[in-house]
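Asks: This structure is in structure tokens; I'll ask about it shortly.
Taken together, the values in this text are just the output of simple stated rules run on the coordinates, not laboratory data. Computed from a prediction, not measured in an experiment: that's the story for all the values here. With ideal geometry, Cβ positions are generated from the backbone for all residues, glycine too; neighbour counts draw on all protein chains shown.
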Amino acid sequence: MKDLRQNYTKGELVENQIADDPFAQFDQWFTDALNAEILEPNAMILSSVDNNKPDSRIVLLKDVRGGEFVFYTNYDSHKGQQLQNNPNCTLLFPWINLERQVIIRGHATKIPTNESEEYFLSRPKSSQIGAWASNQSKQIDSRITLENQLKETQEKFNNLPLTKPPHWGGFAVNPHEIEFWQGRPNRLHDRILYTLQNGVWVTSRLQP
């Protein structure tokens with residue numbers, strides 16, 4: 001592993017080319033990721049805190065609105081409980097094929113129930129049933145037991161309308177810092193940091 005190296009040459013990130021608003025900059029980079037046909041461009045690493053210990057996993061961004069990044073999960077899961085106990089978190093988009101990453105630092109809050117219900121009803125029925133069938137993050141004795149839970153849930157809702165489980169919904173991450181990272185040759189990477197100061201986004205350059 002010590003001999004694995006990659007010299008980054010695909011782009012640059014300089015002050016006279018960036019947007020004044022980090023959400024406009026994110027929108028441009030997300031569009032670039034879509035156009036590059038990156039697998040799951042909305043996949044992001046969510047890091048939360050559990051009793052002063054960090055915890056990370058991949059979740060999917062589902063919306064950016066009103067200065068917030070929105071994703072959905074089981075509120076009773078590890079991440080759901082951690083965010084309710086300590087809302088401080090980070091989101092990281094690893095767009096490796098573009099030699100880019102975006103780090104979002106902020107705090108998470110539950111979104112209104114009606115918004116979660118609206119999104120839940122837009123999901124495929126199989127995903128809706130999965131949200132009811134799995135007690136996310138809880139231990140289970142075998143795959144067979146999990147599949148039996150799914151079968152029982154399918155039978156339960158066979159002729160009934162599916163509604164959002166009470167333990168399922170969205171979180172919105174409200175950022176106070178957003179960092180854009182562009183790989184450059186010789187490890188002299190570009191890092192532009194947007195910091196929210198008194199309601200205004202201020203930019204600065206960080207050394208690589």
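Asks: As a quick test, which of the pairs LYS53/LYS125; LYS110/LYS151; LYS125/LYS151; LYS10/LYS53; LYS138/LYS164 have an alpha carbon distance above 24 angstrom in this structure?
Replies: Working: LYS53/LYS125 36 Å; LYS110/LYS151 30 Å; LYS125/LYS151 14 Å; LYS10/LYS53 36 Å; LYS138/LYS164 20 Å.
From the list (LYS53/LYS125; LYS110/LYS151; LYS125/LYS151; LYS10/LYS53; LYS138/LYS164), the Cα-Cα distance tops 24 Å for LYS53/LYS125; LYS110/LYS151; LYS10/LYS53.
Asks: Quick check on the chain: helices-only [θ] at 222 nm, where DSSP H runs of length 4 and up contribute -39,500 (n - 2.57) each and the sum goes over total residues. Nearest 500, please. Let's see the in-between values first.
Replies: On the way: 5 runs with 55 residues, N = 208.
Result for the chain, helices only: -8000 deg cm²/dmol.
Asks: How much length is gained on full extension from GLU40 to SER137, taking 0.36 nm per residue of separation minus their Cα-Cα distance?
Replies: That works out to 32.6 nm of additional length.
Asks: Between rounded, prolate and oblate, where does segment 44-172 land on the alpha carbon gyration tensor, with a ≥ b ≥ c its root eigenvalues, rounded for a/c under 1.5, else prolate if a/b exceeds b/c? Each step should come with its number before you reach the end.
Replies: On the way: a/c = 1.84, a/b = 1.55, b/c = 1.19.
Since a/c reaches 1.5 and a/b is larger than b/c, the shape of segment 44-172 is classed as prolate.
Asks: Sum up the charges of everything whose Cβ sits under 15 Å from the Cβ of HIS176, counting Lys and Arg as +1 and Asp and Glu as -1, but leave HIS176 out.
Replies: Charge balance in the 15 Å sphere: -3.
Asks: With only Lys, Arg, Asp and Glu charged, each at its Cβ (+1 for the first two, -1 for the last two), find how big the charge dipole of the chain is about the Cα centre; round to the nearest 20 debye.
Replies: Using Cβ point charges on Lys, Arg, Asp and Glu, the chain gives about 500 debye.
Asks: While we're here: Which value in Å is the Kirkwood Rh of segment 1-118 over different Cα pairs?
Replies: It works out to 16.1 Å.
Asks: Also, quick follow-up: Roughly how far apart, in whole Å, are the Cα centres of segment 34-63 and segment 145-208?
Replies: The distance from the Cα centre of segment 34-63 to that of segment 145-208 comes to 5 Å.
Asks: Continuing with the same structure: Quick check: from the Cα gyration tensor, does segment 50-125 come out rounded (a/c under 1.5), prolate or oblate?
Replies: On the way: a/c = 1.72, a/b = 1.14, b/c = 1.51.
In terms of gyration-tensor shape, oblate.
Asks: Work out Dmax and Rg for segment 162-202 from the C-alpha atoms and quote the Rg first, both in angstrom.
Replies: 17.9, 54
Asks: If you bin the C-alpha pair distances of segment 103-208 every 10 Å from 0, what whole percents do you get?
Replies: 12, 26, 21, 18, 17, 5, 0
Asks: Also, I was wondering about something else. Which net charge results when you count Lys and Arg as +1 and Asp and Glu as -1 among the other residues whose beta-carbon is under 10 Å from that of SER77?
Replies: Details: positive: ARG57, LYS79, LYS138; negative: ASP76.
Its environment carries a net charge of +2.
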